[in-house]
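FYI, it's all coordinate maths here, none of it is from the lab. Predicted model only: the values in this text are computed from it and were never measured. As a convention, Cβ positions derive from the backbone with ideal geometry for all residues, glycine included, and neighbour counts pool all protein chains shown.
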Amino acid sequence: MKNNINITGRLIALLSFFIGTMLLAFYLYFGESTVQIHVAIFFIVIAFIFNTILFAVILGATLLNKTNRIEGLKTLAIMLCNIPISILYFYMVITFPGHKLLL
């Protein structure tokens, strides 16, 4: 049986990915807007803080709980997948400012 913290971690990772993708899509489709940039920066700061705390909690639970260690490591890997995706999104925004190139 899966641990609730692992389910929460996977859900938060998926939700962070979805919201970040939607913000990128809005930026690329509608162009640069002050409101969009402020919302995106606010999301990035909140997501970073929340995901870091959740990552630390899951890491601690994984190290202490030997029975669900594989599930915890899978959840941590899923959460870490958002890092290269966010770097790619950042690269796309700084490379194509205000362009409707990808949509």
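Can you give the helix-only mean residue ellipticity at 222 nm for the chain, where every DSSP H stretch with n ≥ 4 adds -39500 (n - 2.57) and the sum goes over all residues, rounded to the nearest 500 deg cm²/dmol?
Values: 4 runs with 84 residues, N = 103.
Taken over the chain, the calculation gives -28500 deg cm²/dmol.
Please report, in Å, the Rg and the Dmax of the chain, where both are computed over Cα atoms only.
Expressed in Å, the Cα Rg and Dmax of the chain come to 16.0, 50.
Within the chain, which DSSP H helices have Cα atoms that stretch 30 Å or more along the helix axis and a mean Kyte-Doolittle hydropathy of at least -1.0?
Numbers: long enough: 4-30 (38 Å, 1.50); 34-64 (45 Å, 2.32).
Qualifying helices: 4-30, 34-64.
Using the 10 angstrom Cβ neighbour count as an exposure proxy, how do Leu54, Leu73, Leu63 rank, fewest first?
Numbers: Leu54 18, Leu73 14, Leu63 10.
The fewest-first ordering by Cβ neighbours comes to Leu63, Leu73, Leu54.
Taking other Cβ within 10 Å of each residue's Cβ, how do Lys66, Lys74 sort, fewest first?
Values: Lys66 7, Lys74 16.
In order of increasing Cβ crowding within 10 Å: Lys66, Lys74.
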